[in-house]
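The structure under discussion is supplied below as structure tokens; questions concerning it will follow.
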Amino acid sequence: MKKRDGVRILVLGLLIAICATSIMGEQWPLTSESVTVDVEITADIDVREASSDAFLEFLQANLSFRPMETAGQSIVSVETEPKAKQTKYTYEFRWEDPVPRQAELRLKTRMKTKNSVPNVKAAKFPVQALPAEVIEYTKPSELVNSDDLIIVDKAGELAAGKTDLYRVVFDIAEWTRENVHYNLSTMTAKASKSASWVMQNKKGVCDEITTLFMALLRSVGVPARFISGVAYTESPLFPQRWGGHGWAEIYFPGTGWVPFDVTYSQYGWVDATHVKFQEDAGPGEASIKYLWKGRSVDVITRPVDLKADTVTHSGKIPAFMDLRIEMLQDETGIGSWNLAEATVKNRLNSYVSGTLYLARINEMEIEGGQARHIYLKPLEEKKIYWLVKVDATLDRDYVYTFPMTVGDIFNNTAESGFRVIKEATVFTKEEMKKVKDAYEKGEEKIFSKEIETACTQEKENYYTYEKPKVTCTAKNIGNFPFKDLKFCFGGDCSTGELGIAQEKTKEHTFGAVEEGINKVSFQVSGKDLEKTEFYDLMVLDEPEVKLEEYNFPAEIEYQQKYTFEFTLKKVSGSEPVNVTMTFDAAGQKKTVDVGTMTGDKKYVFNLNSEELTTKPNRFVISAQYRDHNGKLYTLREEKEVNLVNVTFGQKMVIFLKGLDRSIRNIFK
């Protein structure tokens, strides 16, 4: 304490609480460049015989929660007991006859991780083109039920008007962190809760928090997958420090998969104590699966036990943000409000995120808490604000100096300060808030109200006797969630919502349709939107063929050669398929497999009148064919050829030939 002009001056001590979420105390878990950890996984199995003739040929356990080599981690060593077979995705433990009645599997591994901030490149939102292998991570599942309407609405609200994918992911992560309470009671449940349950109850552990985060992203078309592993914490909720943990990875086009841990408030990166063991489409995937072959036995499995211990940690990752802090007022009165302005600059040519903390002083109130979670574009500079209030009960005989310090989790800090004296102006909260609001300009939103429509028909071909069904889809490819849209086939309309990246399907069955192209219109309309899809519905006439252009002798003498000609004409526009034609020349049959008729077919048969009789000779020409639906059509016509000027001897020859044919037919 000093004397100055008869006034006592007091410099207040400050209390810095740099980390306030999952990791508290010393900073090595956050700042270490590399961490080496020993992990031990064990599981017990009991085999119980249900009868005297019980038999177990083999027992196998496939462990999918296993050490992985990735860009950020390496396997130092692995030991298994019993000896396990390593496959691409599992370690296979196997016991064969005799299988012990009490079996235990054990996997010990030493893992080394490397902490680095991913080089996340700019990507546009909404996401349009995605590699085929990541499409499954945009789909809803039983737990990640991203098609739930409440989730779709909330995600659309959070993403509306935003064109930067990193901004969308960050904002959804922040909303999830702020609105879902970490609650260990859900760990007692037999299974993880669904995203819609978490949305409704606003509580959960890392699995549930990550599940909702993933569902919100998937509902707007952003790929998200679930990561299982181990991580370190100094939270008093976990005295063992290391434990099983779940977080997410988000796919960024041009970058790849990027980690986001909402529970730890680590967005776009995770610290070196995060050790990945399993990648899945969602939580709830079994970490171990059992197979066995036998009779009259019960196999009782126990939960997997997980232990981890720190071996060593080394290095320190460099800070990726520059900080400075200024106060709006260098001097205020006792009980006054002031405004702290932190300027933060991204040193990297990639997206980064982090948490800034304003140092807490006992004699000062911080509006909205100490922490500010931020993200920065490549090389971006941004300003962050805190409203602070000086304690109104301070002794008015003193001049106070308030040191103001802002820092991040990497112990990167900047300092400033202001004086408090009784003669200075006392600013109200409203006055300072107006200044803060004027400084804080929200990022611009650019709304794209774009709908993509497409129509298909249920079958490739429709005929005039059918009632065609057309299905049209409308997909929101913009960044605006639509409400109260009308989806219409002519006068057949329905209403509904269409969230970002969501699709709506509408079917319509038409009554009477005409042959040829029928113009179908599908319209989506609403406030500031009207989109019409014109679809050509091709309707075929029924297939039809005719027999025309006959050329044959109606009368002919015996033992004369002649020709019988006709044309099988395609009359319809549609093609008859599976066409067969049969020509029966007075008992002599010939069948021709025509197949698909694309045009007319002319047939010429060379015949001899020796095969004719003195009675009228009937020539039968028939055809059968189908359409593409398999519907059968038939055609039959008869013609007549007569013998003339037949002598007695010719009649006898004709009689004997007929008798011979009859005898042959009997024996057939």
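Since every read-out is calculated from the coordinates, none of them should be taken as a lab result. Nothing here was measured: the structure is a model prediction, and the numbers come from that model. We place every Cβ from the backbone using ideal geometry, glycine too, and count neighbours over all the protein chains shown.
Could you tell me how many cubic angstrom of Cα convex hull volume region 451-540 has per residue? Spell out each step's value before the answer.
Details: hull volume 7.2 nm³, N = 90.
With only Cα atoms used, region 451-540 gives 80 Å³ per residue.
What is the sum of charges, Lys and Arg at +1 and Asp and Glu at -1, for the other residues whose Cβ falls under 13 Å from the Cβ of Ile45? Walk me through the numbers before you get to the answer.
Values: positive: Arg48, Arg94, Arg101, Arg106, Lys289, Arg302; negative: Asp44, Asp46, Glu104, Asp298, Asp305.
Result for the local shell: +1.
Still on this structure, I have one more. Take the Cβ-Cβ distance between Arg101 and Val78 as r, set R0 to 30 Å, and report the resulting FRET efficiency rounded to the nearest 0.05.
Numbers: r = 27 Å, r/R0 = 0.91.
Using R0 = 30 Å, I get an efficiency of 0.65.
Let me test this: with uniform point scatterers at the alpha carbons of region 545-667, what is the Debye-based log₁₀ I(q)/I(0) at q = 0.15, 0.20 1/Å?
Per q value, in the given order, log10 I(q)/I(0) is -0.75, -1.07.
Follow-up question, since we're still on this one. Which ³J(HN,Hα) values in Hz, rounded to whole numbers, follow from the phi angles of region 476-485 under the Karplus curve 6.51 cos²θ - 1.76 cosθ + 1.60, where θ = phi - 60° and Gly and Pro get x?
Computed from phi, the couplings for region 476-485 are 7, 9, x, 10, 10, x, 7, 10, 6, 8 Hz.
Describe numerically, in nm with one decimal, the distance between label points set 7 Å from Cα along Cα→Cβ at Lys469 and at Lys546.
Roughly 3.7 nm, to one decimal.
Students often check this: by mean Cβ neighbours within 10 Å, which of 29-36, 593-600 ranks highest, and how do the rest follow? Walk me through the numbers before you get to the answer.
Numbers: 29-36: 20.6, 593-600: 12.8.
Highest-to-lowest ranking by the protection proxy: 29-36, 593-600.
Calculated FRET efficiency, Asp484 and Asp536, Cβ-Cβ r, R0 30 Å, to nearest 0.05?
Efficiency for this residue pair is about 0.50.
Multiply the residue gap between Tyr603 and Asp44 by 0.36 nm, knock off their C-alpha separation, and tell me the result in nm, one decimal place. List each step's numbers first, then the result.
Values: separation 559, 0.36 × 559 = 201.24 nm, distance 8.18 nm.
Residue separation times 0.36 nm, minus the Cα-Cα distance, leaves 193.1 nm.
What's the FRET efficiency of Gln128 with Arg618 using the Cβ-Cβ distance as r and R₀ = 60 Å, to the nearest 0.05?
Values: r = 70 Å, r/R0 = 1.16.
Step by step, r from the Cβ atoms, then E = 0.30.
Return the lysines within reach of Lys546: Cα separation strictly under 17 angstrom, same-chain partners fewer than 8 residues apart disregarded; answer none if there are no such residues.
Within the straight-line cut-off, Lys546 pairs with Lys569, Lys570, Lys601, Lys602, Lys639.
Report, largest value first, the span of the C-alpha coordinates of region 132-271 along each principal axis, in whole Å.
So the three principal-axis extents are 42, 31, 27 Å.
Whole-Hz Karplus ³J(HN,Hα) for region 436-447, in order, using 6.51 cos²θ - 1.76 cosθ + 1.60 and θ = phi - 60°, x for Gly and Pro?
Those phi angles translate into 4, 5, 5, 6, 7, 9, x, 4, 5, 10, 10, 8 Hz.
Add -39500 (n - 2.57) for each DSSP H run of 4 or more in the chain, then divide by its residues: what number comes out at 222 nm, to the nearest 500 deg cm²/dmol?
On the way: 7 runs with 82 residues, N = 668.
Helix-only estimate at 222 nm: -4000 deg cm²/dmol.
Working only with C-alpha atoms, what are the Rg and Dmax values of the chain, expressed in angstrom?
Rg, Dmax (Cα atoms, Å): 41.4, 161.
Let me ask something additional. Show which lysines lie in cross-link reach of Lys389 when reach means a straight Cα distance below 24 angstrom and same-chain residues fewer than eight apart are skipped.
Correct list for Lys389: Lys422, Lys429, Lys433, Lys434, Lys436, Lys441.
Another question about this same structure. Pop out the ³J(HN,Hα) list for region 81-91 in order, Karplus 6.51 cos²θ - 1.76 cosθ + 1.60 with θ = phi - 60°, rounded to Hz; leave Gly and Pro as x.
These are the phi-based 3J(HN,Hα) values: 9, x, 4, 9, 8, 8, 10, 5, 10, 9, 10 Hz.
With N set to the residue count of region 342-469, report its C-alpha Rg divided by 2.2 N^0.38 Å to two decimal places. Let's see the in-between values first.
Values: Rg = 27.1 Å, N = 128, 2.2 N^0.38 = 13.9 Å.
For region 342-469, the normalised Cα radius of gyration comes out at 1.95.
Once the other residues with Cβ under 14 Å from the Cβ of Ser336 are scored (Lys, Arg +1; Asp, Glu -1), what is the net sum?
On the way: positive: Lys389, Arg396, Arg419, Lys422, Lys429, Lys433; negative: Asp330, Glu331, Glu363, Glu365, Glu367, Asp391, Glu423, Glu430, Glu431.
Local net charge: -3.
I would also like to ask the following. On full extension of the chain, what length is gained from Lys121 through Glu380, given 0.36 nm per residue of separation minus the C-alpha to C-alpha distance?
91.9 nm is the gain from fully extending Lys121 to Glu380.
Using +1 at the C-beta of Lys and Arg and -1 at the C-beta of Asp and Glu, which of Gly156, Val180, Ala224 has the Cα lying farthest in the positive direction of the dipole of region 132-271?
Val180
Under 10 Å from the Cβ of Met364, count the other residues' Cβ atoms, weight Lys and Arg +1, Asp and Glu -1, and hand me the total. Write down the numbers at each step before the final one.
Numbers: positive: Arg360, Lys389; negative: Glu363, Glu365, Asp391.
Local charge sum for Met364: -1.
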